[in-house]
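**Student:** Structure in structure tokens, see below.
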Amino acid sequence: MQRSFWLLSLLLSWAFGTDSLKVASSIRMLYASLESLSEQLPKVWWDRQWVGACRPKDIRSIIAPVRITLQKPEEGFYFVVPIQGALNSGFGFRRGWQFHFGLDIDLKVGDTVVAAMDGEVRLAGYDPGGYGYFCVIAHPNGVETVYGHFSRLLVTPEQLVKAGDPIGLGGSTGRSTGPHLHFELRFMGEPIDVSALIDFPSGELIESELYITPETFAHLSTLSSAMYHVVRRGESLYTIARRYGVTVRYLCALNGLSTRSILRPGQYLRVR
Ligand SMILES: [Zn+2]
């Protein structure tokens, strides 16, 4: 296991440059190191067909701290903010029980969305119940970026892209309530909150390096300790709060409700 991480860090340190062949070969190496990791560790699986191709059961227990370079102009590696716009939904729990693994950025249908960094398109397709028209780009620095809800896709799998290249047009396809870009940055398949690194309203990168430690994935413990309750007929905020030993005010805060909210049978409430 240590060796895999050492390999991965080694890869991350030489992967830059403007040469597209070099980008492609470092991505091959990244895939190979993830594949060998999944062979060594039963809790890590690797399947290129999925958005989260590598999804360890608990990434916190297997990673060593690693620094990811997001931008290194002197080596020809740049970060371009995929779309400039207001952030309308952040990373974390929303409506109490649903966890949002990305950032939602406002846009207009037809706006051009660009690749954040040089890389290779790993997946591009249509996911009707989720991402809509989406693509996943693997980058030579060891992370992947995911872009969802396009009205039109402009890339195909295995296509090499440069930072700033158009990859899709803004839209609202898939599970979406209005035009926006759903953006994720993933390390070993696990999404990371990058709201402190990228300023979407101004279109600026705030930090040129992402430092990943087990602490980066602290939200996973909140997620695994979260508990839910399905509302049954006749139940109220008061009876549910009493049942779980919490206050009505706490339930309301967790679920974005007011104390006068009407509960529907079948509704999910987060209770812890
Ligand atoms: Zn989203």
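Read-outs throughout are calculated quantities, based only on the coordinates presented, and are distinct from any laboratory measurement. Please read these numbers as outputs of a predicted model, since none were measured by experiment. As a convention, Cβ positions derive from the backbone with ideal geometry for all residues, glycine included, and neighbour counts pool all protein chains shown.
**Student:** Among Glu35, Glu215, Glu207, which comes first, then next, by fewest other beta-carbon atoms within 10 Å?
**Tutor:** If I rank by nearby Cβ atoms, fewest first, I get Glu215, Glu207, Glu35.
**Student:** Related question: In the calculated pair distance distribution of the chain, what percentage of Cα-Cα distances lie above 36 Å? Can you show the working numbers first?
**Tutor:** Values: 7363 of 36856 pairs.
The answer is 20 percent, as a whole percent.
**Student:** How far apart, in nanometres, would the label points at Ile206 and Ala253 be if each is projected 7 angstrom from Cα along the Cα-to-Cβ direction?
**Tutor:** Rounded to a tenth, the inter-label distance reads 2.4 nm.
**Student:** Then there's this: Which Cα, out of Phe150, Gly170, Leu263, lies furthest along the positive dipole direction of region 147-272 (beta carbon charges, K/R +1, D/E -1)?
**Tutor:** Among Phe150, Gly170, Leu263, the one farthest towards the positive end of the dipole of region 147-272 is Leu263.
**Student:** Calculate, for Glu215 and Arg175, the FRET efficiency according to 1/(1 + (r/R0)^6) with r their C-beta to C-beta distance and R0 25 Å; round to the nearest 0.05.
**Tutor:** Given R0 = 25 Å and the Cβ-Cβ separation, E is 0.25.
**Student:** Which residues' amide hydrogens lie under 5 Å from the amide hydrogen of Ile167, considering only partners 5 or more residues apart or on another chain, with H built in the peptide plane?
**Tutor:** Placed amide hydrogens put Val113, Val114, Ala115 under 5 Å from Ile167.
**Student:** At a 10 Å Cβ-Cβ cut-off, how would you order Tyr131, Tyr268, Tyr211, fewest neighbours first? Intermediate values should be presented prior to the final figure.
**Tutor:** Details: Tyr131 25, Tyr268 14, Tyr211 11.
Going from sparsest to densest Cβ surroundings: Tyr211, Tyr268, Tyr131.
**Student:** Based on the Cβ-Cβ distance of Gln84 and Arg260, what FRET efficiency does E = 1/(1 + (r/R0)^6) give at R0 = 45 Å, to the nearest 0.05?
**Tutor:** Working: r = 39 Å, r/R0 = 0.87.
In this case the efficiency is close to 0.70.
**Student:** Provide the convex hull volume over Cα atoms per residue for region 227-270, in Å³. Mind dumping the intermediate values first?
**Tutor:** Values: hull volume 2.7 nm³, N = 44.
With only Cα atoms used, region 227-270 gives 62 Å³ per residue.
**Student:** Expressed as an acute angle from 0 to 90° and rounded to the nearest 10, what is the orientation of the C-alpha long axis of helix 2-14 relative to the principal long axis of the chain?
**Tutor:** 60
**Student:** Give me the angle, in degrees from 0 to 90, between the Cα long axis of helix 20-40 and the longest principal axis of the Cα atoms of the chain, rounded to the nearest 10.
**Tutor:** 50
**Student:** Considering the Cα trace of region 130-206, what is its radius of gyration and what is Dmax, both in angstroms?
**Tutor:** 12.6, 33
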